[in-house]
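The values are calculated or read from the model by the stated rules, or taken from the named source; none is laboratory data. Quick caveat, the model's predicted, so the values are computed rather than measured. Here the Cβ is made from the backbone with ideal geometry for all residues, glycine too, and neighbour counts use every protein chain on show. The protein model used for the area step is the full one, side chains on, heavy atoms only, and it has no ligands, DNA or RNA in it. Shrake-Rupley method; radii C 1.70, N 1.55, O 1.52, S 1.80 Å.
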Amino acid sequence: MKGVKEKVTSDAEIKMNSPVGAFITTDSAHGSSMSRYVTVLFAVACGMSVANIYFAQPLLDQLSSEFGIDHSIIGIVITITQIFYGLGLLLLVPLGDLLNQRRLIIGQMLLSIIVLVIVGTSSNTSILFAGMALVGLLAVVTQTLVAFAATMAAPAERGRVVGVVTSGIVIGILLARSIAGILTDLAGWRSVYLVSAALLFFIVCMFFRVLPNVEREVKSLSYSQLLKSVFTLFIQERVLRIRSVLALLIFADFNILWTSLVLPLSTPPISLSHSAIGAFGLAGVAGALAAARAGRLADRGYGQRTTGIALLLLLISWLFISSTEHSLFALVIGIILLDLAVQAVHVTNQAMILPLRTEARSRLTAGYMVFYSIGSASGSIASTQLYAHFGWEGVCILGASVSALALLFWAMTCRTSLAIK
């Protein structure tokens, strides 16, 4: 991108420095393979960071009782967190193309640790709400990590690396509710945020050792120009537009299931406990892990084919999910298929958009994830409304319809040459 100049450092200079002091450029990063240890560390950091957004969902009753918040408005805790997460996508993630990514990631995570301690020790609603807002804002470090992982990885392995790292995000979302419930039963709701702060501090210590520096000397790109360029990228990059629409549709589908699933499972004739309901997230984890291989297929040039197969599986998954009230085994199969399909498309999407502009990966990620957020919010709202009026059958029809729409949209746009060679 014009106005951005990478600091050039020779391989010999890199080797002479410790990992903490190493400076690399985008080109030098592409010349080396990203170790499995570092890839997994990125995935764990992403999962832990994004989980902070979802911890509050099973804690609403405790928060309502302790802070005297009426049940009719306690949901604002979740709303505030999600709103500020969306703001963070637009305001913070693009900074990865302007600032030193190592410092940006470590700085955001250190701030997250402070905010988590504030939430875990909050004494009134004002502190709680402000803390949750900042939790959402700073959780977007996950997207900076994804973009940085793509920069560190060699071109031939970029899809695989992105697949593993983004799997960490999905797994963090799926396990957040169960982990929050377990910690709350053991030591109260405050322990959820304090334990998360301690674990994040450990991750930061690891990052101090393994994250390289990518120095950028910015001469003519202001912050306002940086934000404006996020929208410019949508105009210039057709691949980004197509893949963002797919992200909106698949994550709408994802949240249509996971937002409303507790409703049929907790009421007669099934009437499962909250712990048992939370265990279904483990089935989702299995699907997310299996989908990590989608990145390797994208690396080999099969991004379009992988997308089409995954979207077909997404549609089929609702046939099993619709049998929830008659067979929990069918539900488990449906959950595995749905999470496998959503994660496979998500990984493939990112593997295909991140190489479009090597100097603008953070902005590409930010723009793409805005559609992710819109889809997630739309799916959550629509599913609960339909369940209230048409029951689980209405939710399943909605989910299948969105899946069919995504498959149709892919079929209409797949002739564009998008595969990554």
Once residue 225 and residue 187 are pulled to full extension, the length gained, defined as 0.36 nm per residue separation minus their Cα-Cα distance, is 9.0 nm
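On a full-extension model of 0.36 nm per residue, what is the gain between residue 36 and residue 198, subtracting their alpha-carbon distance, rounded to one decimal in nm?
On the way: separation 162, 0.36 × 162 = 58.32 nm, distance 2.39 nm.
So the chain would gain 55.9 nm between residue 36 and residue 198.
Find out how many positive minus negative residues lie around residue 395, taking Lys and Arg as positive, Asp and Glu as negative, among other residues whose Cβ is under 15 Å from that of residue 395.
Values: positive: none; negative: 253, 325, 393.
Spelling it out: positives minus negatives among the neighbours equals -3.
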The ³J(HN,Hα) series, computed from each phi in region 391-400 with the Karplus coefficients 6.51, -1.76 and 1.60 at θ = phi - 60°, rounded to the nearest Hz and given as x for glycine or proline, is x, 5, 4, x, 4, 5, 5, 4, x, 5
Treating every alpha carbon of the chain as one equal point scatterer without solvent, the Debye formula yields log10 I(q)/I(0) values at q = 0.09 Å⁻¹ of -0.54
Label model pair residue 103, residue 232: point-to-point distance (7 angstrom along the Cα→beta-carbon line) in nm is 2.4 nm
Projecting the Cα atoms of 64, 404, 347 onto the charge dipole of the chain, where Lys and Arg contribute +1 and Asp and Glu -1 at Cβ, the residue farthest towards the positive end is 347
Other residues with Cβ under 15 Å from the Cβ of residue 52 give, with Lys and Arg +1 and Asp and Glu -1, a net charge of +2
Residue span residue 359 to residue 312: 0.36 nm per residue of separation minus Cα-Cα distance leaves a gain in nm of 13.5 nm
Of all C-alpha pairs within region 272-329, those more than 17 angstrom apart amount in percent to 54 percent
Applied in sequence order to region 45-50, the curve 6.51 cos²θ - 1.76 cosθ + 1.60 (Karplus, θ = phi - 60°) yields integer Hz couplings, x standing for Gly and Pro, of 4, 5, x, 5, 5, 6
Region 308-360, convex hull of Cα, quarter of hull surface, nm² -> 3.9 nm²
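Counting every Cα pair in region 159-270, what percent are over 24 Å apart? Write out the running numbers ahead of the final one.
Details: 3632 of 6216 pairs.
Here the tail beyond 24 Å accounts for 58 percent of pairs.
Please compute the per residue accessible area over the chain with all protein chains in place, 1.4 Å probe, rounded to a whole number of Å².
Details: 17290 Å² over 421 residues.
I get 41 Å² per residue for this part.
Carbon and sulfur: what percent of the chain's accessible surface (1.4 Å probe)? Intermediate results must be reported in sequence, preceding the final value.
Details: 11650 of 17290 Å².
Within the chain, the accessible surface is 67 percent carbon and sulfur.
For n ≥ 4 DSSP H runs only, could you compute -39500 (n - 2.57) per run for the chain, divide by its residues and tell me the 222 nm figure to the nearest 500?
Numbers: 18 runs with 315 residues, N = 421.
Theoretical 222 nm ellipticity from helices: -25000 deg cm²/dmol.
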With N residues in region 334-408, Rg(alpha-carbon) / (2.2 N^0.38 Å) equals 1.34
For the pair residue 67 and residue 266, the simple spin-label estimate (label points 7 Å beyond Cα toward Cβ) gives in nm 1.9 nm
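Computed FRET efficiency, Cβ-Cβ of residue 286 and residue 60, R0 35 Å: what is it to the nearest 0.05? Mind showing how you got there, number by number?
Values: r = 27 Å, r/R0 = 0.78.
With a Förster radius of 35 Å, E is 0.80.
Would you mind counting up the charge near residue 146? Only other residues with Cβ under 12 Å from its Cβ, with Lys and Arg at +1 and Asp and Glu at -1.
Values: positive: 158, 361; negative: none.
Local charge sum for residue 146: +2.
Please state the charge dipole magnitude for the chain, taken about the Cα centre, from unit charges on C-beta atoms (+1 on K and R, -1 on D and E), reported in debye and rounded to the nearest 20. Show your work: numbers first, answer last.
Numbers: 27 positive and 19 negative charges, 288 e Å.
Dipole size: approximately 1380 debye.
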Non-local residues with an amide H under 5 Å from the amide H of residue 213, with H modelled 1.01 Å from N and Pro and chain starts lacking one, are 22, 23, 24
